[in-house]
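As structure tokens, the structure follows; a few thoughts come after it.
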Amino acid sequence: MIKKTITYDFNNTISDQIKGPSGISLEEIESYGKKVTEINNTLISKRETGGLPFYELPYRKDELDDLKTTWDSVKEEMKDNIENVIVIGIGGSSLGGVALIKALTHPFYNLLPESLRSTPRIFFAENIDPDEIKGLFDILDPEKTIINIISKSGNTAEPMANFLLFQKFMVEKIGEENFKKQVIATTDAEKGTMRQIADELGIRTLKIPEGVGGRFSALSPVGLFPAYMAGIDIDVLLEGAALMDKVCKNEDLFKNPAYMNAVIHYHLHVRKGVNMAVLMPYSMALSEISVWYRQLLAESLGKKYSMNGEIVYAGQTPVKAVGAIDQHSQIQLYREGPDDKIITILSVENFRNFLNLPALYSSFEGVSYLGGHTLNELFDAEKKATILALVKSGKPNIEITLPEINPHTVGQLFYMYEVQTVFAGYLYNVNSLDQPGVEAGKNYAYGMLGREGYADMKEEVDNFPERDTRFIIE
Ligand code: PA5
């Protein structure tokens, strides 16, 4: 396994390369020097006083040991007869785990025959789509299924509804006592409804460290436990994150990829109207990282109010893309559309596999040129061609390269983006750690379903004006 650092290349944001309105001059970047020092000092003191606990996740050995022994005890009790794990959670309680498993297991992990997979299949029950949930019931044997319910609050309607359904499904087939042995709740150490339920049931639990918010919890038991159950080396993952922590301590913007990425995105957004941030991995394994990143950026920086209470409507819109697929879907817009996007390409130097393209159809020039090359070469050429095309169109882009996709490099990437996001919060002067906009939606839904204490929300919904039929086309 290569344990080198990922590289961050921002050449193609600099005005020497990017001719047109979205190029940034070196002077513009350097003008942030004082601000960077100021934010860096704030982050150091917040961290020292325990205000940013997600920063410490790579070092929390107790929780790491706890989740490992928990899994060992489940396996022992089940006599290793575990075919499936259902991870129930949503948003920050699922996206990190989904991204880690997609990045660090076989691309068709759940479909591998048991002879090639020593760990259980992992399914994520994220949504509350009745067809999907029933679909899971159709393929699961409750006797061989483990449930990992993840909810910091235990109040979120989606995971709790799915939990109720899975409890019924399991209890009907295996009985209450066995069900209890087959559930692990990842939740707050003391507070919240899930903690109360877990205590009442007497089931195994894992703690989400105090003060670690959903979208910053990928490197806590929230993301680590599903990853561990899928056989991912979580020690190395955290080693990678710890390495990035060292790098991100550097006050020099030119040596700190998290700070530089925040400055570039912020500057392009606020000074040049670049209001979209695209993350486009040239790798299927990294494709779910874009979904995790979308939440991290959107919920952290998308804020109406500044930290001083002024209305600011902050935030760039994060966009998910994947190369080479989106070359045939999005690149037309990215190249020739408005100057409102910065595109980050995630590159992989060494894939796990190397596929030679067979030299067939020699008489068909449209295909024969591929013969003798590798699929890896084609992927790389397409990525380079996209970068070049973006530069020629004056569209700023960044390339982040992973020497290979492994727990170490993925740990680095997760940590880098988390630090970048909190740092960017200070550039925008918004609280990157709260999510009042999410809470409002949750509360309306509680009201509509008659939850106690939310009657005023129901009233608001009930009093919402009737739909005007003139504006409905049937
Ligand atoms: O990042 C966040 O805070 C949210 O996305 C939450 O993770 C999400 O709403 C789920 O909340 P909970 O873990 O309390 O069920």
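The values are calculated or read from the model by the stated rules, or taken from the named source; none is laboratory data. Given the structure is predicted, the values throughout are model-derived calculations rather than measurements. Please note: Cβ atoms are built from the backbone with ideal geometry, for glycine as well, and neighbour counts cover all protein chains shown. The protein model used for the area step is the full one, side chains on, heavy atoms only, and it has no ligands, DNA or RNA in it. Shrake-Rupley method; radii C 1.70, N 1.55, O 1.52, S 1.80 Å.
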ask   = How many Å² of accessible area per residue for region 326-399, probe 1.4 Å?
value = 60 Å²
task = Output the relative contact order of region 319-418, whole-number percent, from Cα pairs under 8 angstrom with separation of 6+ residues.
result = 38 percent
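Which of the chymotrypsin sites (Phe, Trp or Tyr not before Pro) across region 38-122 are loop residues per DSSP, with 12 or fewer other Cβ within 10 Å? Show your work: numbers first, answer last.
On the way: sites: 54, 55, 59, 71, 108, 109; in loops: 108.
Here the sparse-neighbourhood loop sites are 108.
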inquiry  = Keeping all protein chains in place and using 1.4 angstrom, which order do 244, 276 fall into by accessible surface area, from largest down?
reply    = 276, 244
key: Antiparallel content of DSSP bridges confined to the chain, in %, to 5   = 10 percent
request  = Work from the charge dipole of the chain (Cβ charges, +1 for Lys and Arg, -1 for Asp and Glu, about the Cα centre) and give the residue of 133, 224, 88 farthest towards its positive end.
outcome  = 224
query = Over the Cα atoms of region 53-237, Rg to Rh with Kirkwood Rh, two decimal places?
reply = 0.93
request  = DSSP loop (so not H, G, I, E, B), at most 13 other Cβ within 10 Å: list which chymotrypsin sites (Phe, Trp or Tyr not before Pro) in region 254-335 pass both filters.
outcome  = 313
query = If you average the sequence gap of Cα pairs under 8 Å that are 6 or more apart and divide by the length of the chain, what percent do you get for the contact order?
reply = 22 percent
request  = Work out the length of the dipole vector of region 1-153 about its Cα centre, built from +1 on the beta-carbon of each Lys and Arg and -1 on the beta-carbon of each Asp and Glu, and round it to the nearest 20 debye.
outcome  = 400 debye
query = Does region 417-474 classify as rounded, prolate or oblate by the C-alpha gyration tensor (a ≥ b ≥ c root eigenvalues; a/c under 1.5 gives rounded; else a/b over b/c gives prolate, otherwise oblate)?
reply = oblate
task = Place a +1 charge on the Cβ of each Lys and Arg in the chain and a -1 charge on the Cβ of each Asp and Glu, then give the dipole magnitude about the Cα centre in debye, rounded to the nearest 20.
result = 820 debye
remark   = Only helices counted: for the chain, with every DSSP H run of 4 or more residues adding -39500 (n - 2.57) and the sum spread over all residues, [θ] at 222 nm is -14500 deg cm²/dmol
request  = Just name one of 241, 471, 402: the one whose Cα is farthest towards the positive end of the charge dipole of the chain (beta-carbon charges, Lys/Arg +1, Asp/Glu -1).
outcome  = 402
key: Of the GluC sites (Glu not before Pro) in region 181-247, those whose Cβ has at most 11 other Cβ within 10 Å and which sit in DSSP loop   = 190, 210
task = Place a +1 charge on the Cβ of each Lys and Arg in region 53-237 and a -1 charge on the Cβ of each Asp and Glu, then give the dipole magnitude about the Cα centre in debye, rounded to the nearest 20.
result = 200 debye
key: Lys/Arg +1, Asp/Glu -1 at C-beta; region 53-237 dipole; positive extreme among 59, 123, 164   = 59
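Go through 432, 368, 31 and list them by solvent-accessible area, largest first, probe radius 1.4 Å. Please report the intermediate quantities before stating the final value.
On the way: 432 10, 368 40, 31 85 Å².
Correct descending sequence by accessible area is 31, 368, 432.
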message = How high is the relative contact order of region 53-237? Use alpha-carbon pairs under 8 Å, at least six apart in sequence, and give a whole percent.
response = 32 percent
Percent of C-alpha pairs per 10 Å bin, the chain, short to long = 4, 18, 27, 25, 17, 7, 1, 0
task = List, in order, the whole-Hz ³J(HN,Hα) value for each residue of region 314-328 obtained from phi through the Karplus relation with A = 6.51, B = -1.76, C = 1.60 and θ = phi - 60°; use x for Gly and Pro.
result = 7, x, 8, 8, x, 10, 9, 9, 9, x, 8, 3, 6, 5, 9
